[in-house]
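**Q** Can you read through this structure? Questions will come right after.
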Amino acid sequence: MPWFDKSLSRRDWLAVNGRLAAQSVLAGALVSGGVSARPSIVAAETPSVQSVQPFARYADLLATLKNRGRTWRTLGHAPDGSPLVAVKCGGTKKPAILISAGAHATEHAGVVAAVELVERLQTKHEVWVLPTRDPIGLGGFRHALSLGLGKPPEIASLEEAEALLRREGEVLLDDGGRLVVLIGDYGYANRGLYGGVKKGEDFLEPLKGRRLWFPSRAENQPASGPLERAYTLVVTPDGEVLHLNRFHDTRWAPIEVRSVRRLMAEIKPGLTFDLHEYGGDALWMSARRQKTDEDEIWERRMGTEAIAAVKLDGATLAGDDYNPGGFFERLERGLYWLDPGKRGEGYNLVDFAAKEYGPGFTIESGMQAPLADRVRRHLVLVQTAVKVFEERFA
């Protein structure tokens with residue numbers, strides 16, 4: 001007899017106080033309050049990450065992998081020629097696990113954690129790690145500017161960067177503190193536009209189908225300080241400003257998305273992680289509705305145990321009053337469902353993984369916390385969820 005009762009509806013299973021019912025034959029089943037015995041063990045086994053360092057450039061990331069004896073598969077090339085790489089690790093058991101990071105280059109802890117997981121994640125399942133999906137953005141705003149200028153500019157501050165944009169660029173918008181220019185084949189801005197620009201605005205006409213970068217600006221986000229990273233936006237052919245973590249369900253998509261989509265079609269991941277960060281100092285993660293009751297029950301258990309583990313590890317979870325957006329539903333503190341159909345934009349990687357392949361999680365650590373703490377939280381969450389995943393396929 002399976003450990004869940006198929007006579008119960010999905011809603012029934014997810015209803016009772018936000019906890020799963022589980023048969024005692026499963027090792028590590030959830031106990032009262034949603035806390036498992038396993039998370040404290042997993043957290044204790046997670047090695048120290050106090051010595052981890054950020055990657056100044058994409059070449060540094062690749063050199064780290066090479067120095068550790070890792071080879072990679074090149075899935076494609078970004079517009080600057082950088083290889084978009086995936087590292088195969090783990091074992092040979094299927095279904096495979098996919099771990100991705102760096103869709104937003106400003107969110108650097110996920111990138112460092114992904115590289116660490118290549119070495120630290122112990123599982124018999126086949127694992128594919130994409131340590132960053134935006135090598136240009138990881139290289140910083142100066143590097144992004146070099147694509148339009150032909151060489152990296154000598155700028156030392158955000159003020160100097162803005163002056164350069166005015167001097168070298170064809171100004172498309174200069175209003176209300178927002179500056180947008182065209183340099184060569186690429187767009188550049190002094191600050192973020194995502195979510196603040198209406199689709200099809202006139203100034204976007206020359207940018208349709210092009211990339212648009214703006215610099216990291218915050219002083220209180222370790223590894224993503226001013227100019228240290230570049231945030232990549234893409235203006236769609238119909239004039240919508242989106243970022244690289246969209247387009248997964250659309251035929252028109254940048255190479256970074258298409259290359260990941262091809263890999264997913266090949267390996268058909270049974271579990272997907274996308275490592276992100278947000279502007280706060282706490283942590284949260286989100287899951288997606290699944291196509292079957294069984295998938296959704298196991299996904300909920302993975303999420304609940306992962307949150308319990310990271311809490312025992314000392315992480316601060318996003319508060320009870322925190323709401324990531326109107327398309328999220330809070331399950332318990334630190335854990336949400338996301339309904340991509342209500343967002344009104346293209347699917348991100350985890351949306352697409354849930355729709356096509358199986359359970360997936362977006363992890364969001366707080367960018368204001370120390371880098372080592374942020375990296376460790378990603379490791380604990382992934383390691384714990386994988387342990388539950390292994391039980392399912394034991």
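**Q** Which distance in nm do the two modelled labels at residue 202 and residue 268 give, with both placed 7 Å along the Cα-to-Cβ direction?
**A** That separation, rounded to one decimal, is 5.3 nm.
**Q** Which order do peptides 198-210, 177-189, 377-389, 336-348 fall in by mean Cβ count within 10 Å, highest first? Kindly include the intermediate steps, with their values, before the conclusion.
**A** Working: 198-210: 14.5, 177-189: 19.5, 377-389: 25.5, 336-348: 17.2.
Most protected by this proxy first, the peptides run 377-389, 177-189, 336-348, 198-210.
**Q** Hey, another quick one. If the elastic network links every pair of Cα atoms under 10 Å, which of 169, 314, 139 fluctuates the most in the Gaussian network model of the chain?
**A** 314
**Q** Would you please give the FRET efficiency between residue 339 and residue 157, computed as 1/(1 + (r/R0)^6) with r the Cβ-Cβ distance and R0 = 45 Å, to the nearest 0.05? If you can, show how the numbers build up before the last one.
**A** Working: r = 41 Å, r/R0 = 0.92.
In this case the efficiency is close to 0.65.
**Q** Using every alpha carbon pair in the chain, what percent of pairs falls into each 10 Å bin from 0 up to the bin containing the largest distance?
**A** 5, 23, 33, 24, 11, 3, 0, 0
**Q** Given C-alpha coordinates of the range 140-243, what is the ratio Rg to Rh with the Kirkwood estimate of Rh? Each step should come with its number before you reach the end.
**A** Details: Rg = 12.8 Å, Rh = 13.6 Å.
My calculation of the ratio gives 0.94.
**Q** Filter the chain for me: DSSP H helices, axial length by Cα at least 24 angstrom, mean Kyte-Doolittle hydropathy not below -1.0. List them by residue number.
**A** On the way: long enough: 293-312 (28 Å, -0.58); 371-392 (32 Å, -0.05).
Result, helices passing both filters: 293-312, 371-392.
**Q** Report, in deg cm²/dmol and to the nearest 500, the calculated mean residue ellipticity at 222 nm for the chain, where each DSSP H run with n ≥ 4 adds -39500 (n - 2.57) and the sum is divided by the residue count.
**A** Working: 11 runs with 122 residues, N = 394.
After summing the helix terms and dividing by residue count, I get -9500 deg cm²/dmol.
**Q** Exposure proxy check: 121, 212 ranked by fewest other beta carbons within 10 Å?
**A** Numbers: 121 19, 212 24.
So the ranking, lowest neighbour count to highest, is 121, 212.
**Q** Quick one: 155, 99, fewest Cβ neighbours within 10 Å first, how do they rank? Don't skip to the answer; put the middle values down first.
**A** Numbers: 155 18, 99 28.
Listed from fewest to most nearby Cβ atoms, that is 155, 99.
**Q** By counting other Cβ atoms within 10 Å of each Cβ, how are 361, 55, 393 ranked from fewest to most?
**A** Numbers: 361 26, 55 21, 393 13.
If I rank by nearby Cβ atoms, fewest first, I get 393, 55, 361.
**Q** Ordered by residue, what ³J(HN,Hα) values in Hz, to whole numbers, does the range 316-322 give under the Karplus form 6.51 cos²θ - 1.76 cosθ + 1.60, where θ = phi - 60° and Gly and Pro are x?
**A** My calculation for the range 316-322 gives 8, 8, 3, x, 4, 8, 7 Hz in order.
**Q** Per-residue HN-Hα couplings for the range 183-199, Karplus 6.51 cos²θ - 1.76 cosθ + 1.60 at θ = phi - 60°, whole Hz, x for Gly and Pro?
**A** 10, x, 9, 10, x, 9, 9, 8, 7, x, 10, 4, x, x, 10, 6, 4
**Q** Can you work out D for the range 236-361 in µm² s⁻¹ from Stokes-Einstein, where Rh is the Kirkwood radius over C-alpha pairs, the temperature is 4 °C and the viscosity is 1.567 mPa s? Kindly include the intermediate steps, with their values, before the conclusion.
**A** Details: Rh = 15.6 Å.
Translational D for this selection: 83 µm²/s.
Here, each number is a calculation from the coordinates, and none is a lab measurement. Here the structure is a predicted model, which is why all the values come from computation and not from measurement. Reconstructed Cβ throughout: ideal geometry from the backbone, glycine too, with neighbour counts over all protein chains shown.
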